Amino acid sequence: MEIVSLNVGLPQVIQVQGKELTTGIFKSPVSSSLFVSKVQAEGDGQADLSVHGGPDKALCVYPEEHYAFWEQELGKKLEAGTFGENLTVRGLLETEVCIGDTFAIGEVVVQITQPRQPCHKLAKRLDLGTAPLQMQETGYTGYYFRVLVEGRLDKDSEVKLISKDKEGITIAYANQIKYKEKTNAEAIGRIAELPALSASWKQSFLKRLVELQA
């Protein structure tokens, strides 16, 4: 398990089909150490705080292993941070990590809270309209960390597993239930009860459970 790149960037305005769009998806690699607070990394920012950032989604994480797939899809080399992630990582795939897993990275202690839910801004960033759907179908979504202990980290900081969540709900499985097994009430209920699950995903799953039981 290791950090390949540490990426940050502030929101900027871009032109999309003649209209202005403010987005924080553009992140660039940095070589210096950064302070990470409970809500974000130093020098980073999000445009729409209703769906990005905050305590449950302080750091966005994306596995480097998926870059080869996207480079083939797009026909070009991609720089770390292309998917708006703060941490480009290796050895921490969605099929291996679980909601609630806790890690120490440098001085920072983080916990996985939910898969990353791809939106239209990613499609615009990649100039690939099908990107969000492809992320869902492949399971190459990435995920979010909440920060349990603030501190400094850099791209050379060692990643140490502190604890595995006892429920063993992987990010890949959560994606499977969210996007493909939408009527699996037992699984939905099990995921919704995870103490580490983000508030927004908990609300979404509980709402779906009520609809299924109606």
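The values are calculated or read from the model by the stated rules, or taken from the named source; none is laboratory data. None of the values given here were measured: they were computed from a predicted structure. In this analysis, Cβ positions are derived from the backbone assuming ideal geometry, glycine residues included, and neighbour counts consider all displayed protein chains. Just so you know, the surface numbers come from the protein's heavy atoms only, side chains and all, with ligands and any DNA or RNA stripped out. Shrake-Rupley method; radii C 1.70, N 1.55, O 1.52, S 1.80 Å.
Among the residues in the stretch 122-141, are any in contact with a strand residue (DSSP E or B) (Cβ under 8 Å, 6 or more places away or on another chain) and over 18 Å from Glu96 (Cα atoms)? Break it down stepwise before answering.
Pass one, the stretch 122-141, residues in contact with a strand residue (DSSP E or B) (Cβ under 8 Å, 6 or more places away or on another chain): 124-125, 140-141.
Filter again for over 18 Å from Glu96 (Cα atoms), leaving 124-125.
For the stretch 122-141, residues in contact with a strand residue (DSSP E or B) (Cβ under 8 Å, 6 or more places away or on another chain) and over 18 Å from Glu96 (Cα atoms): present.
So, Gln176, is that one under 19 Å from Gln46 (Cα atoms), out of contact with any strand residue (DSSP E or B) (no Cβ under 7 Å at 6 or more places or on another chain) and of a type in the set (S, T, N, Q) or not?
Working: under 19 Å from Gln46 (Cα atoms): no; out of contact with any strand residue (DSSP E or B) (no Cβ under 7 Å at 6 or more places or on another chain): yes; of a type in the set (S, T, N, Q): yes.
So Gln176 fails the test.
If the Cβ limit is 8 Å and pairs must be 6+ apart or interchain, which residue in the stretch 155-172 that is over 16 Å from Val61 (Cβ atoms) pairs with which residue that is in a helix (DSSP H, G or I)?
As it stands, the answer is Glu167/Arg190; Ile169/Arg190; Ile169/Ile191, since those pairs meet every condition given.
Please tell me if Ile162 is open to solvent by 10 Å² or more (accessible area, probe 1.4 Å), among the hydrophobic types (A, V, I, L, M, F, W, C), more than 13 Å from the chain's Cα centre (by Cα) and modelled with pLDDT of 95 or more.
Details: open to solvent by 10 Å² or more (accessible area, probe 1.4 Å): yes; among the hydrophobic types (A, V, I, L, M, F, W, C): yes; more than 13 Å from the chain's Cα centre (by Cα): yes; modelled with pLDDT of 95 or more: yes.
Yes: the conditions hold for Ile162.
For (1) out of contact with any helix residue (DSSP H, G or I) (no Cβ under 9 Å at 6 or more places or on another chain); (2) farther than 26 Å from Ala172 by Cβ, each residue gets a yes or a no:
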{"residue": "Ile3", "(1), (2)": "yes, no"}
{"residue": "Pro11", "(1), (2)": "yes, yes"}
{"residue": "Gln15", "(1), (2)": "yes, yes"}
{"residue": "Val39", "(1), (2)": "no, yes"}
{"residue": "Glu85", "(1), (2)": "yes, no"}
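Of the residues that sit in the stretch 79-113 and are among the aliphatic types (A, V, I, L, M) and under 14 Å from Val4 (Cα atoms), which one is farthest from the chain's Cα centre (by Cα)? Give the steps one after another, and end with the answer.
Going residue by residue through the stretch 79-113, those that are among the aliphatic types (A, V, I, L, M) are 80, 87, 89, 92-93, 97, 99, 104-105, 108-110, 112.
Checking the rest, the ones that are also under 14 Å from Val4 (Cα atoms) come to 80, 87, 89, 92-93, 105.
Values: Ala80: 14, Leu87: 9, Val89: 11, Leu92: 12, Leu93: 11, Ile105: 16 Å.
Across the stretch 79-113, the extreme among qualifying residues is Ile105.
Being out of contact with any helix residue (DSSP H, G or I) (no Cβ under 6 Å at 6 or more places or on another chain) and under 28 Å from Ser33 (Cβ atoms) is the filter; apply it to the stretch 122-146 and report the residue that is most open to solvent (accessible area, probe 1.4 Å).
Among those residues, the one meeting the criterion is Arg125.
Six or more apart or on different chains, Cβ atoms under 8 Å: show the pairs whose first residue is in the stretch 66-89 and at positive phi and in contact (Cβ under 8 Å) with a residue 12 or more places away in the chain and whose second is surrounded by fewer than 22 Cβ atoms within 10 Å (Cβ to Cβ) and of a type in the set (A, V, I, L, M).
Gly84/Leu122
Write out, first by first residue and then by second, each pair whose Cβ atoms fall under 6 Å of each other, whose residues are 6+ apart or on separate chains, and whose first residue, in the stretch 195-207, is within 12 Å of Lys178 (Cβ to Cβ) while the second is assigned to a loop (DSSP other than H, G, I, E, B) and open to solvent by 80 Å² or more (accessible area, probe 1.4 Å).
none
Given (1) more than 10 Å from the chain's Cα centre (by Cα); (2) buried (at least 21 other Cβ atoms within 10 Å of the Cβ); (3) among the charged types (D, E, K, R), identify the lone condition not met by Arg116.
Only one criterion is unmet by Arg116, namely (1).
If I ask for residues that are part of a strand (DSSP E or B), touching a Leu at 6+ places or on another chain (Cβ under 8 Å) and surrounded by fewer than 21 Cβ atoms within 10 Å (Cβ to Cβ), which ones from the stretch 87-102 would you list?
Selection gives Thr102 alone.
Of all residues in the stretch 178-194, count the ones that are out of contact with any Leu (no Cβ under 7 Å at 6 or more places or on another chain), open to solvent by less than 100 Å² (accessible area, probe 1.4 Å) and free of Cβ contacts under 8 Å to residues at least 24 places away in the same chain.
First, pick out the residues of the stretch 178-194 that are out of contact with any Leu (no Cβ under 7 Å at 6 or more places or on another chain): 178-182, 184, 186-187, 190, 193-194.
Imposing the further condition that a residue be open to solvent by less than 100 Å² (accessible area, probe 1.4 Å) reduces the set to 178-179, 181, 184, 187, 194.
Narrowing the set further to residues that are free of Cβ contacts under 8 Å to residues at least 24 places away in the same chain leaves 181, 184, 187.
Within the stretch 178-194, residues that are out of contact with any Leu (no Cβ under 7 Å at 6 or more places or on another chain), open to solvent by less than 100 Å² (accessible area, probe 1.4 Å) and free of Cβ contacts under 8 Å to residues at least 24 places away in the same chain number 3.
Consider only pairs whose beta carbons are under 6 Å apart and that are at least six residues apart or on different chains; among these, list those whose first residue lies in the stretch 19-33 and is open to solvent by 30 Å² or more (accessible area, probe 1.4 Å) and whose second residue is modelled with pLDDT under 85 and assigned to a loop (DSSP other than H, G, I, E, B).
What qualifies is Thr22/Pro11; Thr22/Ala47.
Consider Phe69 against the criteria (1) under 23 Å from Gln134 (Cα atoms); (2) surrounded by 13 or more Cβ atoms within 10 Å (Cβ to Cβ): it satisfies all of them except one. Which criterion is unmet?
(2)
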